[in-house]
Amino acid sequence: MYKNFIKRWIDFTIAFLGLLILSPIFVIVTICLYFANDGKPFFFQARPGLNEKIFKIIKFKTMNDKKDASGNLLSDAERLTPVGAFIRKTSLDELPQLINVLKGDMSLIGPRPLLEKYLPYYTEREKLRHSLRPGITGWAQLKGRNTLKWDDRLSYDIQYVQNVSLKFDLKIIFSTFKKVFKSEDIVVDPRSIMKDLDEERMHN
């Protein structure tokens, strides 16, 4: 009952109210990034969602599109703007995903939607992460976010999928607020400390 009906109703209600309450912050961040990123405040990317259905995730764009002399994009660290770094550190880059929640692409709580290119590299058990809508935050984020090894991170996702409940979701929500307030386990450039999943497993 909770997993199939109540969870979605709670998601929609909180996302709607959240966007209303946080709209002043939303507007301010949009304006700041508009000027920092040459008129491009938002980042859109294809991600697998429920049952591996592809959707476009919406985030605030924290990196510009500057290229080197050969026309190639500079590294993530070089393209990360000062305002973008602040927005990542405060987790404000995730705010537009409330729109994804309203649309039904995502949930407030669930396994994070990862890159589409990772799909061939999941084990059969890890594919269970797509049996629920992906979340803005989740159990793996509380356990270490981008500081976790891939095997551990995906294992926590499955633990959540197999034990989803209102009590579990409330625990994750309150703990997430604490982590965001304290800026814990935040890595501004995740690729500086870990490989992409496909790169790691391709060589194992």
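The values are calculated or read from the model by the stated rules, or taken from the named source; none is laboratory data. The model shown is predicted, which means the values in this text are computed figures rather than measured ones. Glycine gets a Cβ as well: all are built from the backbone with ideal geometry, and neighbour counts include every protein chain shown. Ligands, DNA and RNA are excluded from the accessible area calculation, which covers all protein heavy atoms including side chains. Shrake-Rupley method; radii C 1.70, N 1.55, O 1.52, S 1.80 Å.
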Residue check for L98: touching a helix residue (DSSP H, G or I) at 6+ places or on another chain (Cβ under 8 Å), closer than 30 Å to E126 by Cβ and surrounded by 15 or more Cβ atoms within 10 Å (Cβ to Cβ): yes
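What is the residue count in segment 45-54 for residues that are more than 13 Å from the chain's Cα centre (by Cα) and buried (at least 20 other Cβ atoms within 10 Å of the Cβ)? Walk me through it before giving the result.
Start the filter on segment 45-54 by keeping residues that are more than 13 Å from the chain's Cα centre (by Cα), which leaves 50-54.
Those still in the list that are buried (at least 20 other Cβ atoms within 10 Å of the Cβ) too: none.
Result for segment 45-54: 0.
For L33, state whether it is outside any helix (DSSP H, G or I), among the aliphatic types (A, V, I, L, M) and in contact with a strand residue (DSSP E or B) (Cβ under 7 Å, 6 or more places away or on another chain). Walk me through how you get there before you give the answer.
Values: outside any helix (DSSP H, G or I): no; among the aliphatic types (A, V, I, L, M): yes; in contact with a strand residue (DSSP E or B) (Cβ under 7 Å, 6 or more places away or on another chain): yes.
No: the conditions fail for L33.
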Selection status of D38, open to solvent by 70 Å² or more (accessible area, probe 1.4 Å) and either closer than 24 Å to R112 by Cα or in contact with an Asp or Glu (Cβ under 9 Å, 6 or more places away or on another chain) (or both): yes
Cβ pairs under 6 Å, 6+ apart, first in segment 1-14 and under 15 Å from Y160 (Cα atoms), second of a type in the set (A, V, I, L, M, F, W, C): Y2/L166; K3/V164
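Look through V180, V101, V161 and report the one residue that is among the hydrophobic types (A, V, I, L, M, F, W, C) and either farther than 21 Å from I57 by Cα or at pLDDT below 90 (or both). Reasoning before the result, please.
Numbers: V101 fails: either farther than 21 Å from I57 by Cα or at pLDDT below 90 (or both); V161 fails: either farther than 21 Å from I57 by Cα or at pLDDT below 90 (or both).
Of the residues listed, the single one that is among the hydrophobic types (A, V, I, L, M, F, W, C) and either farther than 21 Å from I57 by Cα or at pLDDT below 90 (or both) is V180.
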Matching option when the condition is under 23 Å from G104 (Cβ atoms), modelled with pLDDT under 95 and not β-branched (V, I, T), among K3, K40: K3
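For residues that are open to solvent by 10 Å² or more (accessible area, probe 1.4 Å) and over 15 Å from S91 (Cβ atoms), tally how many sit in segment 131-146.
Quick first cut of segment 131-146, residues open to solvent by 10 Å² or more (accessible area, probe 1.4 Å) only: 131-133, 136-137, 139, 141-143, 145-146.
Still in the running and over 15 Å from S91 (Cβ atoms): 131-133, 139, 143.
Within segment 131-146, residues that are open to solvent by 10 Å² or more (accessible area, probe 1.4 Å) and over 15 Å from S91 (Cβ atoms) number 5.
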Which numbered condition K59 misses (of (1) farther than 17 Å from Q97 by Cα; (2) touching an Asp or Glu at 6+ places or on another chain (Cβ under 6 Å)): (1)
Any chance F35 is closer than 30 Å to V164 by Cα and not acidic (D, E): no
Any hit, segment 113-129, residues being surrounded by 21 or more Cβ atoms within 10 Å (Cβ to Cβ), farther than 15 Å from D11 by Cβ and touching a Pro at 6+ places or on another chain (Cβ under 7 Å): yes
Pick from segment 92-130, criterion under 13 Å from the mean Cα position of the chain (by Cα) and of a type in the set (G, A, S), ranking: farthest from Y34 (Cα to Cα): G110
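So in segment 63-91, with the set limited to residues that are of a type outside the set (K, R), in contact with a strand residue (DSSP E or B) (Cβ under 8 Å, 6 or more places away or on another chain) and within 10 Å of N37 (Cβ to Cβ), which one is most open to solvent (accessible area, probe 1.4 Å)? First the steps, then the outcome.
From segment 63-91, those of a type outside the set (K, R) are 63-65, 68-78, 80-87, 90-91; that's our starting set.
With the extra rule that they be in contact with a strand residue (DSSP E or B) (Cβ under 8 Å, 6 or more places away or on another chain), the set shrinks to 63, 65, 73-74, 76, 80-81, 84, 87.
Cutting the leftovers down to within 10 Å of N37 (Cβ to Cβ) gives us 63, 65, 81, 84.
Numbers: M63: 35, D65: 67, T81: 14, G84: 0 Å².
Per the criteria, the residue is D65.
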Where a residue in segment 109-121 is more than 21 Å from Q159 (Cβ to Cβ) and its partner, wherever it lies, is open to solvent by 10 Å² or more (accessible area, probe 1.4 Å) and of a type in the set (A, V, I, L, M), with Cβ under 9 Å and at least six apart: L115/A46; E116/A46; E116/I54
